[in-house]
DNA sequence: CGTAGGACCTGTAGCAGATACAGGTTCAAG
DNA sequence: CTTGAACCTGTATCTGCTACAGGTCCTACG
């Protein structure tokens with residue numbers, strides 16, 4: 001399988017494949033006589049893993065951690081679960097932060113009457129007050 | 001006021017001050033005889049504005065947009081409110097995406113019994129199934 | 001068999017949004 | 001007059017890609 005097909009089947013951008021290879025997440029495949037990369041199904045499996053983990057918001061560092069566990073061979077379900085829960089916690093922190101932020105924006109927009117004059121509580125808030133702490 | 005003091009009083013990192021100057025968000029201040037930047041209170045006001053807007057998740061492009069409105073002088077409250085509401089919408093989209101993601105992670109972690117064996121529904125999900133679509 | 005044009009190859013630059021560092025100058029206190 | 005903190009400059013680094021330029025290979029069509 002060549003790079004284009006691998007990219008398409010995994011759902012990754014073609015350049016991303018090369019990027020992951022450079023980062024050591026995807027092993028360097030053998031080459032054809034002409035120098036083209038020649039991927040095996042195992043590469044597709046691994047790249048799909050990476051893409052899905054990325055979609056779930058794992059950083060590349062975290063993905064690498066998961067892959068290292070799997071590659072090591074002596075990993076346990078508990079370890080994977082731990083990483084997942086840590087990531088879940090960070091997702092929830094992000095949600096909380098965004099919700100707080102949304103509430104502030106909502107308040108600011110509500111205070112603003114949308115008038116045509118160059119006086120605005122939003123600008124005032126950013127210039128003068130302390131909205132987020 | 002020098003760069004260090006400006007940074008401290010605005011709550012920005014000292015290097016960030018120079019970064020914003022380079023990006024044209026903060027005007028170049030006059031210099032002392034020795035070549036040090038010499039900031040006025042107006043710079044502090046502006047930098048504080050930038051920092052607060054950034055804390056509220058506005059991108060630098062959006063911050064620039066807000067500053068352009070203010071700098072232009074002919075902005076209206078309605079324009080600022082529009083930008084705020086657009087940003088609020090994007091914040092809410094992010095929250096929704098993260099919540100969906102959190103639910104998936106939660107499910108995955110729940111399926112996982114945390115055992116000491118190298119068999120894990122999470123890894124399986126990433127390798128084989130289609131969790132997020 | 002020749003050629004057209006796609007798919008690939010390489011290295012490098014760019015995006016956001018900072019942060020960090022090296023190697024040199026200036027300033028202020030003692 | 002010395003010390004050392006704070007400043008100056010340019011450039012490199014980080015994450016996670018994406019996009020290009022300029023060249024090579026592969027395959028299908030005639």
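The values are calculated or read from the model by the stated rules, or taken from the named source; none is laboratory data. Everything numeric in this text was worked out from a predicted model, so none of it was measured. Don't worry about glycine lacking a Cβ; one is built from the backbone with ideal geometry, like all the others, and counts go over all protein chains shown.
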Need the failing condition index for residue A:108 against (1) surrounded by fewer than 14 Cβ atoms within 10 Å (Cβ to Cβ); (2) within 27 Å of residue B:54 (Cβ to Cβ); (3) modelled with pLDDT under 90, just the number.
(1)
Within the stretch A:47-66, the count of residues that are more than 8 Å from every other protein chain (Cβ to nearest Cβ), more than 9 Å from DNA strand D (Cβ to nearest atom) and buried (at least 21 other Cβ atoms within 10 Å of the Cβ) comes to 1
For the stretch A:25-64, how many residues meet the condition of being part of a helix (DSSP H, G or I) and within 15 Å of DNA strand C (Cβ to nearest atom)?
5
Please go through the stretch A:2-24 and pick out each residue that is assigned to a loop (DSSP other than H, G, I, E, B) and more than 8 Å from DNA strand C (Cβ to nearest atom).
A:11, A:12, A:13, A:23, A:24
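Return the total of residues in the stretch A:1-46 being more than 12 Å from DNA strand D (Cβ to nearest atom), away from chain B (no Cβ under 14 Å) and in contact with a helix residue (DSSP H, G or I) (Cβ under 9 Å, 6 or more places away or on another chain). Write out each step before concluding.
In the first step, residues of the stretch A:1-46 are kept if they are more than 12 Å from DNA strand D (Cβ to nearest atom); the result is A:6, A:8-9, A:27-30, A:39-46.
Filter again for away from chain B (no Cβ under 14 Å), leaving A:6, A:8, A:27-30, A:39-40.
Still in the running and in contact with a helix residue (DSSP H, G or I) (Cβ under 9 Å, 6 or more places away or on another chain): A:6, A:8, A:27-29, A:39.
Residues meeting the conditions: 6.
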From the option list B:11, B:57, single residue qualifying as without any contact (Cβ under 8 Å) to a residue 40 or more places away in the chain and closer than 30 Å to residue A:103 by Cβ is B:57
State whether the residues of the stretch A:69-78 include one that is under 19 Å from the mean Cα position of the chain (by Cα), surrounded by fewer than 18 Cβ atoms within 10 Å (Cβ to Cβ) and at positive phi.
no
